[in-house]
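Peer 1: Have a look at this one before I ask anything.
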Protein chains: 4
Amino acid sequence: MHRERFYTLAASCPDQVGIIARITGFFAEHRGWILESSFHSDGEAGRYFMRIEVRADSLPFGIDVLRQKFAPVAESLAMHWKLTDSTQKKRVVVLVSKQEHCLYDLLARWQSRELDIEIPCVISNHETFRGFVEWHGIPFHHVPVTPDNKVAAYRTVTELFDAAHADTMVLARYMQILPPELCAAYPGQILNIHHSFLPSFVGAKPYHQAYQRGVKLIGATCHYVTADLDQGPIIEQDVIRIDHSDSVDDMVRYGKDIEKAVLARGLRYHLEDRVLTHGNKTVVFR
Amino acid sequence: MHRERFYTLAASCPDQVGIIARITGFFAEHRGWILESSFHSDGEAGRYFMRIEVRADSLPFGIDVLRQKFAPVAESLAMHWKLTDSTQKKRVVVLVSKQEHCLYDLLARWQSRELDIEIPCVISNHETFRGFVEWHGIPFHHVPVTPDNKVAAYRTVTELFDAAHADTMVLARYMQILPPELCAAYPGQILNIHHSFLPSFVGAKPYHQAYQRGVKLIGATCHYVTADLDQGPIIEQDVIRIDHSDSVDDMVRYGKDIEKAVLARGLRYHLEDRVLTHGNKTVVFR
Amino acid sequence: MHRERFYTLAASCPDQVGIIARITGFFAEHRGWILESSFHSDGEAGRYFMRIEVRADSLPFGIDVLRQKFAPVAESLAMHWKLTDSTQKKRVVVLVSKQEHCLYDLLARWQSRELDIEIPCVISNHETFRGFVEWHGIPFHHVPVTPDNKVAAYRTVTELFDAAHADTMVLARYMQILPPELCAAYPGQILNIHHSFLPSFVGAKPYHQAYQRGVKLIGATCHYVTADLDQGPIIEQDVIRIDHSDSVDDMVRYGKDIEKAVLARGLRYHLEDRVLTHGNKTVVFR
Amino acid sequence: MHRERFYTLAASCPDQVGIIARITGFFAEHRGWILESSFHSDGEAGRYFMRIEVRADSLPFGIDVLRQKFAPVAESLAMHWKLTDSTQKKRVVVLVSKQEHCLYDLLARWQSRELDIEIPCVISNHETFRGFVEWHGIPFHHVPVTPDNKVAAYRTVTELFDAAHADTMVLARYMQILPPELCAAYPGQILNIHHSFLPSFVGAKPYHQAYQRGVKLIGATCHYVTADLDQGPIIEQDVIRIDHSDSVDDMVRYGKDIEKAVLARGLRYHLEDRVLTHGNKTVVFR
């Protein structure tokens, strides 16, 4: 990410001749200085994807006027588009359970402003991390989840998320399955870290499954949450080598390092508007 | 591998106190110089695995006498064991189809004696590589496989393998499914390279499956062939990063590099008696 | 790489507002269909880099007319540029010594047309691979190099390269140091694979140096050859894990796998005009 | 690491026939159950290295008697040896400066008992992390270091380390060079994480050096501190891929992830007595 203020256009549209020329011609006309630009043509789907960063101070107007002026161009290309301001911090609600590694990792990045976001609150089904979170000056909400109170619990989670005016929900090893309606209500806004290299070892206890199968690498997957468990669009994955001497406990320990790294990378791509979804797949302009 | 002649003991037995002391005491008694030794206790299975290299010239007798003298020790520990001589080259029959990458890679390693083996013959269901193989001075057998001649074809393959007094059969992207009886007849002797990170994408066209799922890494798996397709004990795996811009053709191309590397490593472990199987899993003493 | 015929523009110019718009506007004006496009702004150097693939059949003229029409645009931007035709095969002369791995690997890729190039000849200071190369139908030239005949030997190499109308010279573990004048005569055209993760272990016997230092990873580097030994612009690098049990011989063996993979990737980037140099650094549009 | 209490023998001695038999024979005689054992013969140095874990409750005596009984065996082999008890927590003093990533990472592992250690105190030349450290219940000492007070400052650091009865000092991106006398006083007890893949980019600002050289991977190195800056025995290393679009700031950010992972792995190997030094190299029994 750049130090200067910039606007990011993330967009897709049906493929045709001249798209880049139209878009970059528009910016050039207003003397917009392009810092970074990425383009991808999906031949199979006939769809074009792009991401462009323009220096804010190179344009003679602000983001609202930019949006107005760009709208007709976008419309003429039948474009899905989003235009964001790098000084407008994203608001990320973090959900955790009892495992510490992703939470510590995210708060370390937030504390050092490596992740330049607001965390309006952390929500957990356990009290474990109240003190740690509150010490950072971040509100902590304990929302217990039991087989009996699921509807009410997730209504509370939704209310907290909405009240926080949040953009993104991160399941940082939350260990609970969100109800389908909640998943459907925030498409492309909820990120999960799954502790396997999907599509291997869907569902519960993936390290046990990996141990039983005798694989030589284990992994983690950051994906958008959809109503289908562990089936959402994959944003980022990685693996680590194990061998016969590693127990399930060892795998859990190694896995933590991969999980937090993959979640941090996937979240960063998402927050910088580098991820465009397309059916059940993603374009990630790293 | 060492330059000096050495004998390799690869063995497993029920776990109990004093196994290493018994085995290494036996060698010490005969002034055997241990070059390399590896041990693994599988607590869940209650089984002990080991691999020991002893310098041949440190012992006052040859491998036959060694086997005789060691037999009672092994018997007293209810051991499964194998004792091999590093100067006795393994005999490896290679099966290929029309893809070149694993074949070129194996012959390069054989030509430079990095793989210090005999290749008594190459068998293929196509004529494609006859010239290349024969130029290396290795006999080439064309055994076409059609839906109608499968029984006869694999009878021929089996006869060629047996007539070659071979130890190991390598399916170097052979692209045909061996009949269950053949798999069962040579347990732990047939190695396959599968072009996915198993257990993901079993069966046909794994790169197409990977493309559809939108994974961010693709892989390859070297495993022993059993009657269950792509379900045998895994010896070695690896992955390579891809992204949204990679087509299925790109994946196929990247995949070749992983396939040949994983096959070469898995085959080496196998040939150096570093792989001990145990149910559907392997212990690999790298 | 795409199946359709396409033209590739690889270029750089001083940075300013509107470059992409100018370039893509030019192609849009002629109904040119952009298959792939990459842009990079080097803020420190104030220089802009780009690579664009345009479908040949989308343009109403051939590459010669395209060059004529594009020249004024390029001139107005003070651009260094190159425009190539995907059906015009690059001509690559390979230099080898006595090690087989890179040679086998390159010829396997050439044989399967994964590398869609011409290899007008292989040059070696040893006879070792004459038969192997000639079996592939490729001319082989033995040019011995001794302390006394260096000037004459490299005059011969230069003559063979020029007579072959070659674009690129690949030192596939050639193990000889080219004279500075030869390096200077073909800037950005000679690729070497060095068997260390540069800048560590410059010069002779890098695996011995790595062994002495006790590093935990070893690597390889593909770079353009310049008059300064092992100091040219780096195109691609990779590493592999080793441990205390690995001897120098083991490192040499592992290293071969990294060397051939890194050379193959670096060469592919080069051949597809994905590498733009800039001082002693490269932009690689993978 | 195992759940059961165990004793760990880490040792080295001149190589000769029968070492393993002597050592394991000793344990077998006392019915000691070996959980894990690793051996390495360094042929060049003529030295033998080993690490053995024995279940505490399998022996008929405690660690003090074990030490007494083992001493004559060790002496007869001219062995350097150490025998530790898994229930005796190591005491680790952490030194930090103003960067958060390694500190957060270590405290997360400590908090979850993944690292089952005592942290008697954290020492820093800045006040930055006082609140964070103290919230965890760990004493925090601010020891400013200026060009004028170095002698006094490091006398204080030494006193704090000794007063804490600490085993290990970790420089978790401490950013100060320890005086040679301090390094010499605690050989094999002080671990540093250097933010480059040593031996490349010794000294200050390695990411700037890496940027200037145009490398395609950056790395980190965990090593024992000696009086020679960045020259001590290497315990663990790793790398991450970068490309031309990454600025020095991007490298710093990616580097943090590698630094904390490499430090955590290196520290774990050290704490589990898996690292034996040997001249300027290490044997690491992972």
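Peer 1: Rounded if a/c is under 1.5, else prolate if a/b is larger than b/c, else oblate: which is the stretch D:214-272, with a ≥ b ≥ c the root eigenvalues of its Cα gyration tensor? Don't skip to the answer; put the middle values down first.
Peer 2: Values: a/c = 2.85, a/b = 1.82, b/c = 1.57.
Prolate shape, in that a/c is at least 1.5 and a/b is the bigger ratio.
Peer 1: A:Lys205 label points, 7 Å along Cα→Cβ, one per copy: pairwise distances from this copy to the rest in nm, shortest first?
Peer 2: Spacings between copies for this position, smallest first, are 3.5, 5.5, 5.5 nm.
Peer 1: Moving to a separate point now. Return the average number of partner chain Cβ atoms within 10 angstrom of each residue Cβ along peptide B:16-28.
Peer 2: Values: counts 2, 9, 9, 3, 11, 12, 4, 3, 9, 7, 1, 4, 8.
Across B:16-28, the average partner-chain Cβ count within 10 Å equals 6.
Peer 1: Still on this structure, I have one more. Ranking request for peptides A:103-110, C:276-283, B:216-223: highest mean number of other beta-carbon atoms within 10 Å first, then the rest in descending order.
Peer 2: B:216-223, A:103-110, C:276-283
Peer 1: Between the helical axis of C:19-29 and the dominant principal axis of chain C, each derived from Cα atoms, what acute angle in degrees is found, rounded to the nearest 10?
Peer 2: 60 degrees
Peer 1: While we're looking at this one, here's another question. Considering only the other residues whose Cβ falls under 13 Å of the Cβ of C:Asp116, what net charge follows from Lys and Arg at +1 and Asp and Glu at -1?
Peer 2: That works out to +4.
Peer 1: Ok, one more. Quick one: helix D:63-76 against the long Cα principal axis of chain D, what's the angle to the nearest 10°, folded into 0 to 90?
Peer 2: Taking Cα atoms only, the helix is inclined about 80 degrees.
Peer 1: Can you list the copy-to-copy distances for C:Val65, using a point 7 angstrom from Cα toward Cβ, in nanometres, shortest first?
Peer 2: Going from nearest to farthest copy, the values are 4.3, 8.9, 9.9 nm.
Peer 1: Determine the share of chain A's accessible area contributed by carbon and sulfur atoms, expressed in whole percent, with a 1.4 angstrom probe.
Peer 2: 51 percent
Peer 1: Please list, or write none, the lysines whose alpha carbon is within less than 16 Å of the alpha carbon of B:Lys98, excluding same-chain residues fewer than 8 places away.
Peer 2: B:Lys205, B:Lys256, B:Lys260
Peer 1: Can you bin the stretch A:6-85 into rounded, prolate or oblate? Criterion: square roots of the alpha carbon gyration tensor eigenvalues sorted a ≥ b ≥ c, rounded for a/c under 1.5, prolate for a/b above b/c, oblate for the rest.
Peer 2: Numbers: a/c = 1.97, a/b = 1.73, b/c = 1.14.
Verdict is prolate for the stretch A:6-85.
Peer 1: Accessible area per residue of the protein assembly as shown at 1.4 Å probe, in Å²?
Peer 2: 38 Å²
Peer 1: Run the simple label-point estimate for C:Asp162 and D:Thr156 please: 7 Å along Cα→C-beta, distance reported in nm.
Peer 2: 7.2 nm
Peer 1: Okay, moving on. Percent of alpha carbon pairs in the protein assembly as shown separated by more than 59 Å?
Peer 2: The calculated P(r) of the protein assembly as shown puts 14 percent of pairs beyond 59 Å.
Peer 1: What accessible area, summed over both chains, is buried at the D-A interface (1.4 Å probe, Å², nearest 100)? Before the final figure, lay out each step's value.
Peer 2: Details: alone 14250 and 14260 Å², together 26440 Å².
Summing both sides, the interface buries roughly 2100 Å².
Peer 1: Taking the full set of protein chains and a 1.4 angstrom probe, give the accessible area of D:His40 in square angstrom, rounded to the nearest 10.
Peer 2: D:His40 exposes around 20 Å² with every protein chain in place.
Peer 1: How much mean residue ellipticity at 222 nm does chain D get from its helices, if each DSSP H run of length 4 or more adds -39500 (n - 2.57) and you divide by all residues, to the nearest 500 deg cm²/dmol?
Peer 2: -10000 deg cm²/dmol
Peer 1: Short version: ³J(HN,Hα) in whole Hz for each residue of the stretch D:109-123, in order, from phi by Karplus 6.51 cos²θ - 1.76 cosθ + 1.60 (θ = phi - 60°), x for Gly and Pro, what are they?
Peer 2: Karplus values, whole Hz, x for Gly and Pro: 5, 6, 4, 8, 6, 4, 9, 8, 10, 9, 10, x, 6, 10, 10.
Peer 1: Ok, one more. Averaged across the residues of B:248-256, what count of C-beta atoms belonging to other chains lies within 10 Å of each residue's C-beta?
Peer 2: On the way: counts 1, 4, 1, 0, 1, 5, 1, 0, 4.
Mean number of neighbouring Cβ atoms from other chains: 2.
Peer 1: Something else: How far is the Cα center of the stretch B:144-216 from the Cα center of the stretch A:57-93, in Å?
Peer 2: 54 Å
Peer 1: Checking the cross-link filter: which lysines have an alpha carbon closer than 27 Å to that of A:Lys69, excluding same-chain neighbours under 8 positions apart?
Peer 2: A:Lys82, A:Lys89, A:Lys90
Peer 1: From the Cα gyration tensor of the stretch C:40-141, with a ≥ b ≥ c the square roots of its eigenvalues, which class applies: rounded if a/c is under 1.5, or else prolate if a/b is larger than b/c, or else oblate?
Peer 2: The shape class here is prolate.
Peer 1: Which one of A:Ile240, A:Ile258, A:Ala184 has its Cα pushed farthest toward the positive end of the charge dipole of the stretch A:92-284, where Lys and Arg give +1 and Asp and Glu give -1 at the Cβ?
Peer 2: The one lying farthest along the dipole's positive direction is A:Ile240.
Peer 1: While we're here: Could you pull out every one of the aspartates and glutamates with an alpha carbon less than 14 Å from that of D:Lys216, ignoring same-chain neighbours closer than 8 positions?
Peer 2: Straight-line reach from D:Lys216, under 14 Å: C:Glu236, C:Asp238, D:Asp238, D:Asp243, D:Asp246, D:Asp250.
Peer 1: Still on this model: Can you list, bin by bin at 10 Å, the percent of alpha carbon pairs in chain D, starting at 0?
Peer 2: Binned Cα distances yield the sequence 6, 26, 31, 23, 11, 3, 0.
Peer 1: Continuing with the same structure: Closest to the C-onto-D rotation axis, which residue of chain C has its Cβ, and how many Å off the axis is it?
Peer 2: Chain C residue with minimal Cβ-axis distance: C:Ser200, 2.
Peer 1: While we're looking at this one, here's another question. Angle check, please: helix A:150-163 long axis (alpha carbons) against the longest principal axis of chain A (alpha carbons), in degrees 0 to 90, nearest 10.
Peer 2: Here the helix axis deviates by roughly 40 degrees.
Peer 1: Over the whole of D:209-222, what's the average partner chain Cβ count within 10 Å per residue? Rounded to a whole number, please.
Peer 2: Values: counts 1, 1, 2, 3, 7, 15, 8, 14, 9, 0, 5, 0, 3, 1.
Across the residues of D:209-222, the mean count of other-chain Cβ atoms within 10 Å is 5.
Peer 1: Give me the accessible area of D:Arg5, 1.4 Å probe, in Å² rounded to the nearest 10.
Peer 2: Counting only protein heavy atoms, D:Arg5 exposes about 110 Å² to solvent.
Peer 1: How do C:Arg241, B:Arg31 rank by accessible surface area computed with a 1.4 Å probe, from largest to smallest?
Peer 2: If we order C:Arg241, B:Arg31 from most to least accessible, we get B:Arg31, C:Arg241.
Peer 1: If each label sits 7 angstrom from Cα along the C-beta direction, how far apart, in nm, is B:Asp250 from its counterparts in the other copies?
Peer 2: Output for B:Asp250: 1.7, 3.6, 3.6 nm, nearest copy listed first.
Peer 1: If I model a spin label at C:Ala78 and A:Glu134 as a point 7 Å from the Cα along the Cα→Cβ vector, what separation in nanometres do I get?
Peer 2: 6.2 nm
Peer 1: Simple spin-label model, 7 Å along Cα-to-Cβ: A:His278 to C:Asp57 in nm?
Peer 2: My value for the distance between the label points is 2.2 nm.
Peer 1: In sequence order, what are the phi-derived ³J(HN,Hα) couplings for the stretch C:214-227 according to the Karplus relation 6.51 cos²θ - 1.76 cosθ + 1.60 with θ = phi - 60°, rounded to whole Hz, with x for glycine and proline?
Peer 2: x, 6, 9, 9, 10, x, 9, 9, 9, 9, 6, 7, 10, 5
The values are calculated or read from the model by the stated rules, or taken from the named source; none is laboratory data. Computed from a prediction, not measured in an experiment: that's the story for all the values here. Positions of Cβ are generated from backbone atoms using ideal geometry, with glycine treated the same way; all protein chains shown enter the neighbour counts. Note: areas computed on protein heavy atoms with side chains; ligands, DNA, RNA excluded. Shrake-Rupley method; radii C 1.70, N 1.55, O 1.52, S 1.80 Å.
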